[in-house]
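The values are calculated or read from the model by the stated rules, or taken from the named source; none is laboratory data. A quick note: this is a predicted structure, and the numbers were derived from the prediction, not measured. With ideal geometry, Cβ positions are generated from the backbone for all residues, glycine too; neighbour counts draw on all protein chains shown.
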Amino acid sequence: MGDVLSQSEIDNLLKALSSGELDADEFKGSSEKQVKNYDFLRPSKFSKEHLRTLEIIFEHYGRLLSTNLPAYFRKNVQVEVINAEAVAYSEFTNALSNPVLLGIIDFAPLDGNIIIEIADNLGYAMVDRMLGGGGVPLDKAREFTEIELMIIERIFTVCTNLLSEPWNNVIHLEPRLIRIETNSQFAQIIAPNEMTSIITINIKIGNVEGMMNVCLPYACIESVIDKLNTKYWYSTMQVKDDETYQDVIKVAIAKAKIPIKAVLGKSTISVNDFLGLQRGDIIKLNTKVEDELNIYVGNINKFKALPGAASDSYAVRISSIIREE
């Protein structure tokens, strides 16, 4: 009962107020509470902590994209997470243009679907690059053909499969691409007023730059929303063993295929002589029969060898290894 004043304390307080020692105005603002406006049409379901954790997850996702997509495009791919924000689903769909590339993804075992949107200029560049072109987008946007959508679906599948690893610290996902939509009206996965988190990612394929947006509805990730904080994230991160990584890298390198060639010798002839070559003609090389041959691994001279035969095939026997730093 520390808040209850005794009679003597009350008398002293009234005496101080009457004498002017205390100003009553000083106590007026002490009991006022700060009121924050709350918009019930846009409830704040994603905190800054949630959005920051989502940025960390998709920064990992961006690194996976930048290392896996070059295998398909044969070009350097740069990926950067721009920001993460919470908006209503209607705001996300109203900002989409037509045609648009929307990948509807089943986020199993979580309930509901998510959407990955890729800018149309990136879609045109992907198709051009996959078909052997230089990866140049169209000057004027048009509808995607069925063949183009089949090619883009392959890239969407790759992007979908890469989602599981960044989320391992939160939940073990088994994402699956359901379909691709080119009209936002056919991608109403939730109610328009539902809140979503939009992660904006900038992708640069060669000289072509565009945006990828990942739409995560709150209803989809509500069951794991408590795990989307940095404290939980870092406490559950698996300890990485450097030796394990080295073993994995060694196995991956051991499976890589590299070209090896044995150079018998070199010679220089005129174009006229080259055009007149016939079967049985002899070309003089700059090496002798007893000389060792240069063995190239890729474009690097790594071995010296002697020519010979193995069964019915030509072969070389390594005589020395060229070691250079």
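Residues are listed down the side, and each one gets a yes or a no for (1) surrounded by fewer than 17 Cβ atoms within 10 Å (Cβ to Cβ); (2) of a type in the set (Gly, Ala, Ser); (3) modelled with pLDDT of 90 or more:
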position	(1), (2), (3)
THR182	no, no, no
ALA191	yes, yes, no
MET212	no, no, yes
SER223	yes, yes, no
ASN229	yes, no, no
All positions within segment 231-245 that are farther than 19 Å from GLU59 by Cβ and either at pLDDT 75 or above or not in a helix (DSSP H, G or I) (or both): VAL239, ASP241
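Scan segment 163-175 and give yes if some residue there is in a strand (DSSP E or B) and in the same structural domain as ASP120 (by TED's automatic domain parsing), otherwise no.
First pass over segment 163-175, keeping only residues in a strand (DSSP E or B): none.
No, there is no match, as no residue in segment 163-175 is in a strand (DSSP E or B) and in the same structural domain as ASP120 (by TED's automatic domain parsing).
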How do the pairs read when you match residues in segment 111-139 that are without any contact (Cβ under 8 Å) to a residue 24 or more places away in the chain with residues anywhere that are β-branched (Val, Ile, Thr) and not in a helix (DSSP H, G or I), using Cβ under 6 Å and keeping only pairs 6 or more apart or on different chains? ASP128/VAL136
Give just the number: which of (1) over 19 Å from THR200 (Cα atoms); (2) outside any loop (DSSP other than H, G, I, E, B); (3) in contact with a strand residue (DSSP E or B) (Cβ under 7 Å, 6 or more places away or on another chain) does ILE116 not satisfy? (1)
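Identify, please: which residue in segment 48-77 is assigned to a loop (DSSP other than H, G, I, E, B) and surrounded by 15 or more Cβ atoms within 10 Å (Cβ to Cβ) and is, among those, modelled with the highest pLDDT?
LEU69
Might you let me know whether segment 111-130 holds any residue that is touching a Ser or Thr at 6+ places or on another chain (Cβ under 7 Å), surrounded by 12 or more Cβ atoms within 10 Å (Cβ to Cβ), assigned by TED's automatic domain parsing to the domain that holds MET211 and of a type outside the set (Val, Ile, Thr)? Talk me through it step by step, then tell me what you get.
If we filter segment 111-130 for residues that are touching a Ser or Thr at 6+ places or on another chain (Cβ under 7 Å), which is where we start, we get none.
The answer is no; no qualifying residue exists.
Go through segment 119-157 and report how many residues are of a type outside the set (S, T, N, Q) and assigned to a loop (DSSP other than H, G, I, E, B).
Taking segment 119-157 as the starting set, the residues that turn out to be of a type outside the set (S, T, N, Q) are 119-120, 122-144, 146-156.
Now drop any that are not assigned to a loop (DSSP other than H, G, I, E, B), which leaves 119, 131-144.
Adding up the residues that qualify gives 15.
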Being buried (at least 18 other Cβ atoms within 10 Å of the Cβ) and in contact with a helix residue (DSSP H, G or I) (Cβ under 9 Å, 6 or more places away or on another chain) is the filter here; which residues of segment 78-91 pass it? VAL79, VAL81, ALA84, ALA86
How many residues are β-branched (Val, Ile, Thr), surrounded by fewer than 10 Cβ atoms within 10 Å (Cβ to Cβ) and either farther than 15 Å from ALA262 by Cβ or in contact (Cβ under 8 Å) with a residue 60 or more places away in the chain (or both) if we restrict to segment 276-321? 1
Output for segment 284-325, where each listed residue is under 23 Å from ILE269 (Cα atoms), out of contact with any Ser or Thr (no Cβ under 8 Å at 6 or more places or on another chain) and assigned to a loop (DSSP other than H, G, I, E, B): THR287, LYS288, VAL289, ASP291
Note on segment 97-107: residues surrounded by 14 or more Cβ atoms within 10 Å (Cβ to Cβ) and closer than 30 Å to GLY132 by Cβ are PRO99, VAL100, LEU101, LEU102, GLY103, ILE104, ILE105
